Structures are given as C-alpha cells and as structure tokens.
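> Take this structure, written in structure tokens, and hold onto it; I'll ask about it next.
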Amino acid sequence: MEPFVKKNQSYFSIESWMSQFPGLIAGMTTKLGGVSKAELASLNMGFHVGDDMEAVCTNRERVSTLLQFPLNHWVGAEQTHDTVIRKISKHERGRGASSYETSFKGTDGFYTSETGILLTLCYADCVPLYFIAPENNMIGVAHAGWKGTVSQIGRKMIDLWVEEGIRPDQIFVVIGPSICEKCYIVDNLVIKLVENILEDVDVKPYNLINENQYSLDLRMLNRLILLKAGVPDKNISVTNFCTSCHHDVFFSHRRDQGKTGRMLSYIGWKEY
Ligand SMILES: [Zn+2]
C-alpha cells in the first residue's frame, strides 16, 4: 500500500504511521500552494536555490500552519550528500527554520526522541528515508541521493540507534517520493560504487540500458542496505511516487535541469 496520502495540495502524510502513533507528524511537501516564482513556483522550501528569502519564509509559514507545528520548532540543515547525522534536543530547535545561516552545517540526517521538534530536510529527486522506533519514541529522517546512498546513510542511522539500545527489528522505515529507476540514468562510475555494497543480492537495483548507461533504482538500493542492516522486510515500505514522473506535483532536479525548487521531508512529535 502507498504510504504517502495526499492531505492537501501542499503535502502528503505518512498516514499509516500517523494513525498508529498518536502525536506523530510525518510527510513531504509538494511544489504547490506557495508564493515562489518562475522555476521555483511555487512552494519552494529551500533557502539555497536562489529564491527570495521572504518567499521561502512565507512558504514555510504556510506549511507550518497546515501542519500546526510552529516554524520556530523546526530544524534544518545545510545538506552536503555526506552521512553526518545529528541527534537533536529541544534547545537546538529553530536552527535552520527561518534562515540558512543558522542551519546545521554539513548534515544529512537528524533524529530525536523529544517532543516539539520537527526534523526537516530538503529534496528534489534524492531519497527521503523516514525512521521510527515506536517503543523508544525515536524518530529520524535522512537525505539519500546516490552519494549518501552508496555511503550507506541508511545503515548509519540504524547503527546510531543500535548504540541507543534499539534493536533493528524495532525500527520501521518509509522510503519516500524520489526519482524512479526509469528517470534515473547513471554511468559506470556510480554503478561501481553500488557494486561495492552488493556482494550477495540476487536481484540488482540497476539495469544496463546503453553503453555506460544504467538505470538505477535508488529506492530499491536503500531498501537492500536497510535489510542488510537488520531491519526486517515487513518493517520497510516504499512509495510509488516519482519526483520526475509526477511533474505536476513535485520538483525534480534532473527533469528541470538543475533549476528547480525543493520539497521538504519532515517528522516530529507534537508537543502537548
Ligand atoms: Zn520517474
């Protein structure tokens, strides 16, 4: 079943998690319902793509109102396709919410078990990974483009949670809207790095389509990495939404040739 359910033109919720875990807010924004112009039209959530800062803040305020999660309780990052993951506490909330300068530098993943913090990251094709270990109130999100994926940011989140005393079989993961295998063509350099982490799988997440051209299923690759890290297959669900195919809903870096806005993935516990 598709984990992402459209709630409004501006966002999709991970409905099954939100109904199972009271107080949880988790989902992804679309490109609709904001004030940004031209190729960033209209709900651009990224500060780093040349948009007017006021427009980005207006867009963020709109989403904050829709989610009923105050903007000054959000955290955001300067993402670098690396695997640095930070544990967030309440005193840090607000960083990266209304400006890029205050965001967490060189960070591609967040987790917390505290309430009243919305963990957010930006995307336009890369894979959003959402994590929850309900028995421990632990939640997290990670940004996995091809670099983050082959550097195994998904496994890194699991390893960090294991250090917190959580077993992999207590962890559930949702793999969110991102570029599909038909839309994502890479060369041999990327495939070599993918090969390095897939010694023993029967079905490969890529196909040769031309000389030195492969279609790569980043979502499937992330799933394989999570399985290898010990997360049971039944705990992982994967979206069918492609950011490039679904052009009327999502921004896509590839499709829009680099000139595009950013969607936001988010997860947080509401404060009571
Ligand atoms: Zn596609």
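Okay, residues lined up against (1) free of Cβ contacts under 8 Å to residues at least 12 places away in the same chain; (2) surrounded by fewer than 22 Cβ atoms within 10 Å (Cβ to Cβ); (3) in contact with a Cys (Cβ under 9 Å, 6 or more places away or on another chain):
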residue	(1), (2), (3)
Val84	no, yes, no
His91	yes, yes, no
Tyr100	no, yes, no
Thr120	no, no, no
Tyr123	no, no, no
Leu129	no, no, no
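> Here is a further query. For the stretch 92-109, does any single residue satisfy the condition of being closer than 14 Å to Gly76 by Cβ and in a helix (DSSP H, G or I)?
For the stretch 92-109, residues closer than 14 Å to Gly76 by Cβ and in a helix (DSSP H, G or I): present.
> Something else now. Being within 26 Å of Trp17 (Cα to Cα) and away from the ligand (no atom under 16 Å from the Cβ) is the filter here; which residues of the stretch 249-268 pass it?
Listed by number, the residues that qualify are Arg262, Leu264, Ser265, Tyr266, Ile267, Gly268.
> Where in the stretch 1-80 are the strands (runs of 3 or more DSSP E), entirely inside, with at least 1 residues that are among the aromatic types (Phe, Trp, Tyr) and more than 19 Å from Ser99 (Cα to Cα)?
Per the criteria, 4-8, 11-14.
> Sticking with this one: Give the stretch 9-24 a look and list any residue that's in contact with a Gly (Cβ under 6 Å, 6 or more places away or on another chain) and crowded, with 19+ Cβ neighbours inside 10 Å, or say none.
Selection gives Ser10, Tyr11, Phe12, Ser13, Ile14.
> Testing Arg219 on (1) farther than 24 Å from Gly140 by Cβ; (2) within 14 Å of the ligand (Cβ to nearest atom), one condition comes back false. Which one is that?
Tallying (1) farther than 24 Å from Gly140 by Cβ; (2) within 14 Å of the ligand (Cβ to nearest atom), Arg219 fails exactly one: (1).
> Please return the ranges of strands (runs of 3 or more DSSP E) entirely within the stretch 111-184 where 1 or more residues are more than 16 Å from the ligand (Cβ to nearest atom), among the hydrophobic types (A, V, I, L, M, F, W, C) and within 18 Å of Ser252 (Cβ to Cβ).
By residue number, 117-123, 138-144.
> For the stretch 227-248, enumerate the residues that are over 12 Å from Asp169 (Cβ atoms) and more than 12 Å from the ligand (Cβ to nearest atom).
Within the stretch 227-248, Lys228, Ser237, Val238, Asp248 meet the criteria.
> Filter the stretch 194-212 for residues that are within 16 Å of the ligand (Cβ to nearest atom) and out of contact with any Leu (no Cβ under 8 Å at 6 or more places or on another chain); which is nearest to Glu2 (Cα to Cα)?
Asn207
> In addition: So, Ile191, is that one more than 16 Å from the ligand (Cβ to nearest atom), more than 21 Å from the chain's Cα centre (by Cα) and over 25 Å from Met28 (Cβ atoms) or not?
So Ile191 passes the test.
None of the figures in this text is laboratory data; all of them are computed from the coordinates on show. Only a predicted model underlies this, so the values are computations on that prediction, with no experimental measurement involved. Ideal geometry is used to build each Cβ from the backbone, glycine not excepted, and the neighbour counts take in all protein chains shown.
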